[in-house]
1. What does the charge dipole of the chain about its Cα centre add up to, to the nearest 20 debye, if the Cβ of each Lys and Arg holds +1 and the Cβ of each Asp and Glu holds -1?
2. To the nearest µm²/s, what D does Stokes-Einstein give for region 192-320 at 20 °C and 1.002 mPa s, using the Kirkwood radius over alpha carbon pairs as Rh?
3. Counting pairs of alpha carbon atoms under 8 Å apart in space and at least six apart in sequence, what relative contact order in percent does region 257-320 give?
4. Roughly what % of Cα-Cα distances in the chain sit above 36 Å, to the whole percent?
5. Any idea what log10 I(q)/I(0) is at q = 0.12, 0.18, 0.19 Å⁻¹ for region 96-228, Debye with uniform C-alpha scatterers and no solvent?
6. What net charge do the residues around residue 161 carry, taking every other residue with its C-beta under 15 Å from that of residue 161, with Lys and Arg at +1 and Asp and Glu at -1?
7. Determine, at each q value in 0.12, 0.13, 0.21 (inverse angstroms), the log₁₀ of I(q)/I(0) that the Debye formula gives when each Cα of region 208-280 is one equal point scatterer.
8. Beyond 18 Å between alpha-carbons counts as too far, so tell me which of 189/237; 52/291; 38/119; 69/120; 120/164; 74/164 fall in that bin.
Amino acid sequence: MPKLKVLLPLAGVVYLIYREYIHGLEYLYNLSLCRGEKAFLFNCNNISTELKALDKISGELEDVRKWSKTAYSKKIYIHGKEDGEIYLRYFKQSTATSRYVIALHGYGCTGRSMLFCAKKFYDGGFNVAVPDLPCHGQSYGRFIGMGQYECRDIIEIAKEITLKDPSAQIMLYGISMGAATVLAATGAKELPQNVRCVVSDCSFTDAKSIFAFQIQNMIHMPTFFVMRDLDRIYHKKTGLSLRDADIIKSVAHSSTPTLFIHGGADRIVPTDMVFKLYNAAACQKDILVVKGAGHGVSAYMDIPLYWGRVFAFADEYMPK
C-alpha cells in the first residue's frame, strides 16, 4: 500500500510530462513544417554576418525593388503535381533567347526574396521564372517537404517551359531549401533533358540532419528522441518522412552538371555539408566556398566572384 501511494503520484507526473512533450512536438511540427512565419529560425541563430551583408548592398537592393516594379513580367499560376497551383513571376527578355532560369527561394521565404538574383540573371540575358514554393507565399500547400515534395512542382515548371519552347536551355538555381529542391530534382527520372545545369547555394545534406542541428541550437540537448517522434508526427499528417528528404541520395543519382556554392561562415546550414554533397554527386561538378559569407548571402558578399562563376558555369553548359 505505501508503494502504491508513491507510484500513483509518480505515474501521474510521468503522464503529465509525456502529455506536455507530445504537445510540444505538435507545436514544433506546426511551427516548423506547416505554412506560417519562420522568423523563429533566425532568432535561434546569430545572423549578424547575414545582416551586415544585406546592409552592404542596401543601395543595390533599392534599385532591384524599383526594377521589379517596372520590368516586364507576368504573374502566372501553373498547375502543380498535386491538386493545387504554383504561383510564379516570369520575367521575359524583350528579344528571343533560349536561356531560362528557375530561381528558388529558401525555407520560410517567398519569390520576392529572389528578386536580387532574378535581376542578375535577367541582366545576364536569361528569361527568369521566380516561383513561390509549395506552402509558401501564394502557392498551394499545407506542409513543407524540405525539397522532396517541392521538386516535383519545379519539374512541372521545367516541363511547361519546354512545352512552350522546345529549344529551351534551363538552369535550376536555388538558395537554402530552394537549393535542396533543385538538387532533389536532379535525382528524378522525370527531369526534362532541357535542364542543362544546376546551381545550388547553401543546400543542406538531408532534412533530418538540418532539423537535428537547429533543434540542438534551440534546446541544447540530445535530439534523437525529439527527431524520432517529430518524424512520426510528420509521417502521420503528411505521409512523408524527413528521412526521405535525403539530398545526398539525390545527387548520387544525378547526371546534371552542378555548381555547389556555400558560405564559409554559414551557421544555419553548416559549411561542411557542401563538401558532403559535392563528394557524393555523380555528375559533372564544381564547387565555390565564399570566404566569410553567412547563410544565403554569398551572392552579395563577393558579387564579381560569385556571379562570374555562376555565369561561366552557365556558359559551359548552356551555349548562347
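Since every read-out is calculated from the coordinates, none of them should be taken as a lab result. All figures in this text were calculated on a predicted structure; none of them were measured in a lab. Please note: Cβ atoms are built from the backbone with ideal geometry, for glycine as well, and neighbour counts cover all protein chains shown.
1. Dipole about the Cα centre, nearest 20: 380 debye.
2. Here the translational diffusion coefficient equals 133 µm²/s.
3. 38
4. 19
5. -0.48, -0.96, -1.04
6. Residues near residue 161 contribute +2 overall.
7. With one equal scatterer per Cα and no solvent, log10 I(q)/I(0) is -0.43, -0.50, -1.03.
8. Those over the limit are 189/237; 38/119; 120/164.
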